[in-house]
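Student: Below you'll find the structure I mean.
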Amino acid sequence: MVEKLKQEYSIDLEWRPFYLYWDIPPEGKELPDYIKRARANGSEERLQVIANSYSLDFRSTARIYSTRLAHEATEYARENGRANEFHKALFRKVYAEGQDPGQWDVLRATAEETGLNADEMQQLVISNRYTGYVEEQVRWAQQIGVTGVPTYMINERYAIVGAQPYEVFKNAVMQIMNQKS
């Protein structure tokens, strides 16, 4: 969906980190009962429909994963010009293949798949090279009112929250373009 939007409107996309939960241990944690109830009542059917419309696989996450390492690994990928590729591959591993983004084997495989040096990435993330920057970005997102993921910020003024159909993004871009003319 984002790729289609980028092709049609020549827009840039920059992924930024956000923690839904700050207190997730490295091994993740069980889904809370309210999420289990919501899923039992069909809360993820819309996500499945959107994924199907793009011929994508979708699998609900089995746990609440710790995303700290994934966000920091993404910063390594950004430094090496591969952030979008890394992010897209990691999303596939999590939401289509059911893998845990808080595990080094998943992050290393994603790095290798996207042409990055997995050893160097792991060493730099372990050294906390990106920790401060990621935390700063998460605080910024909180300050501007981000409360859910994904949140798409357009021109740092407009927000689209949650997985949405392509038409929602297209309409937003069209409105912004009309304001400029």
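The values are calculated or read from the model by the stated rules, or taken from the named source; none is laboratory data. Here the structure is a predicted model, which is why all the values come from computation and not from measurement. Backbone-built Cβ (ideal geometry, glycine too); neighbour counts: all protein chains shown. Surface areas here come from the heavy atoms of the whole protein model, side chains and all, with no ligands, DNA or RNA. Shrake-Rupley method; radii C 1.70, N 1.55, O 1.52, S 1.80 Å.
Student: Apply 1/(1 + (r/R0)^6) to the Cβ-Cβ distance of MET153 and LEU47, taking R0 = 30 Å, and write down the FRET efficiency to the nearest 0.05.
Tutor: 0.90
Student: Please calculate the 1.4 Å probe accessible area of GLU113, with all protein chains present, and give it to the nearest 10 Å².
Tutor: Spelled out: GLU113, probe radius 1.4 Å, area about 90 Å².
Student: Compute the signed sum of charges (Lys and Arg +1, Asp and Glu -1) over the other residues within less than 13 Å, Cβ to Cβ, of GLY81.
Tutor: Every neighbour counted, the sum reads -2.
Student: Excluding same-chain residues fewer than 8 positions from LYS36, which aspartates and glutamates have a Cα within less than 15 Å of its Cα?
Tutor: GLU44, GLU45
Student: In square angstrom, rounded to the nearest 10, how much accessible surface does TRP22 have for a 1.4 Å probe?
Tutor: Answer for TRP22: close to 130 Å² accessible.
Student: How charged is the neighbourhood of PRO165? Take every other residue with its Cβ under 14 Å from the Cβ of PRO165, and add Lys/Arg as +1 and Asp/Glu as -1.
Tutor: Cβ neighbours under 14 Å give a net charge of +1.
Student: Enter the accessible area per residue of the chain (Å², integer; probe 1.4 Å; all protein chains in place).
Tutor: Heavy-atom accessible area per residue stands at 60 Å².
Student: Run the quick spin-label model on ARG92 and ASN171: label points 7 Å from Cα toward the beta carbon, then report their separation in nm to one decimal.
Tutor: 3.1
Student: Per DSSP H run of at least 4 residues, take -39500 (n - 2.57); add these up for the chain, divide by its residues and hand me the 222 nm value, nearest 500 deg cm²/dmol.
Tutor: That calculation yields -16000 deg cm²/dmol at 222 nm.
Student: Report the paramagnetic label zone for LYS36: residues of the range 56-71 whose backbone N is under 14 Å from a point 7 Å from Cα along the Cα-to-Cβ axis.
Tutor: Under cut-off, by backbone N: 62-64.
Student: Moving to a separate point now. Any lysines with Cα under 23 Å of the LYS29 Cα? List them, leaving off those in the same chain fewer than 8 positions away.
Tutor: Hits, sequence-local ones excluded: LYS93.
Student: Determine the sum of side-chain charges near PRO150: Lys and Arg each +1, Asp and Glu each -1, restricted to other residues whose C-beta is under 13 angstrom from that of PRO150.
Tutor: It works out to a net charge of +1.
Student: Using only protein heavy atoms and a 1.4 Å probe, report how much of ARG16 is accessible, in Å² to the nearest 10.
Tutor: 90
Student: I'd like to compare 61-74, 38-51: which one has the highest average count of other Cβ atoms within 10 Å, and what's the full order after that?
Tutor: So the order, starting with the most tightly packed, is 61-74, 38-51.
Student: May I pose another question? Tally up the carbon and sulfur contribution to the accessible surface of the chain as a whole percent, 1.4 Å probe, everything protein left in place.
Tutor: Ligands and nucleic acids excluded, carbon and sulfur give 49 percent.
Student: Using all C-alpha to C-alpha distances in the range 34-97, build P(r) with 5 Å bins and read off the rounded percent in each one.
Tutor: The distribution over the range 34-97 is 4, 15, 20, 20, 17, 15, 6, 2, 0, given as percents.
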